[in-house]
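Inspection log for the structure reproduced underneath, given as structure tokens.
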Amino acid sequence: MELEKLSKKELISEITKLRAENNKIWERVKFLITKISHEFKTPLNSIIGFGELYKNKSDNPKLREYLSNVLSCSEHLLNLVRDMIDITRSEYIPLELSYSIFNAQSVIEEMIDTTNNPNITHTLIDIDIYADYTRFKQLVWNLISNAQKFSDKNSPINIISYIESDLFCFEISDSGEGIKE
């Protein structure tokens, strides 16, 4: 179909059809994501529940450390699943943030510990910040994951945090090629 040859009425009709098709596809995508998300939530809740139970009953410090990592990763994945559900509920409703006060250094160190990467060094300030805990944790995790993914296997990754103009800042540097200009 050559769009240039269509009348204004025919163009509007074509756009209306495309929007209807787009809405049908979007509804199928939302259904699929919701279904998949639900299937992930149940086993993740079980992993988290049993992980906490075993962690609390264990006298082995190394096992407790491993279970802490499993719990941290499972909770992170569960939050991502919840985000997928939130996003699919409606494409027009903005994501709600849940602000709280938490220690930024602890969150960043937790994400670093979860990687088990000995090439990550850090210089972090001990500070409480007011932000969305889940989104902050997700942001830090994504940046660390990208640094690992796009760097040579044994190259250093450095993380620093500081205050600039009353704002909390953190930077992650790695040997990757970076984002193209």
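Results, tabulated for the structure shown:
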| quantity | calculated |
| --- | --- |
| Pick from segment 56-67, criterion assigned to a helix (DSSP H, G or I) and modelled with pLDDT of 85 or more, ranking: most open to solvent (accessible area, probe 1.4 Å) | K57 |
| Segment 45-62 residues that are without any contact (Cβ under 8 Å) to a residue 60 or more places away in the chain, paired with ones that are charged (D, E, K, R) and open to solvent by 80 Å² or more (accessible area, probe 1.4 Å) (beta carbon under 7 Å, 6 or more apart) | K55/R64; S58/R64 |
| Restricting segment 125-144 to residues that are surrounded by 14 or more Cβ atoms within 10 Å (Cβ to Cβ) and charged (D, E, K, R), the residue that is farthest from E96 (Cα to Cα) | K137 |
| Residues of segment 128-140 classified as touching a Ser or Thr at 6+ places or on another chain (Cβ under 8 Å), part of a helix (DSSP H, G or I) and not β-branched (V, I, T), total | 1 |
| Given (1) at pLDDT below 80; (2) open to solvent by 70 Å² or more (accessible area, probe 1.4 Å), index of the condition D86 fails | (2) |
| Output for segment 107-139, where each listed residue is at pLDDT 90 or above and farther than 20 Å from L77 by Cβ | I120, T121, H122, T123, L124, I125, D126, I127, D128, I129, Y130, A131 |
| Selection count where residues are over 14 Å from Q105 (Cα atoms) and open to solvent by less than 50 Å² (accessible area, probe 1.4 Å), scope segment 145-164 | 5 |
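Here is a yes/no grid of residues against (1) among the aliphatic types (A, V, I, L, M); (2) touching a helix residue (DSSP H, G or I) at 6+ places or on another chain (Cβ under 7 Å); (3) over 21 Å from L80 (Cα atoms); (4) open to solvent by less than 70 Å² (accessible area, probe 1.4 Å):
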| residue | (1), (2), (3), (4) |
| --- | --- |
| F102 | no, yes, no, yes |
| Q105 | no, no, yes, yes |
| N119 | no, no, yes, yes |
| T123 | no, no, yes, no |
| D174 | no, yes, yes, yes |
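The values are calculated or read from the model by the stated rules, or taken from the named source; none is laboratory data. Since the structure is predicted, the reported quantities are computational estimates derived from the model, not experimental observations. Reconstructed Cβ throughout: ideal geometry from the backbone, glycine too, with neighbour counts over all protein chains shown. Note: accessible area is taken over every heavy atom of the protein model, side chains too, but ligands, DNA and RNA are not part of it. Shrake-Rupley method; radii C 1.70, N 1.55, O 1.52, S 1.80 Å.
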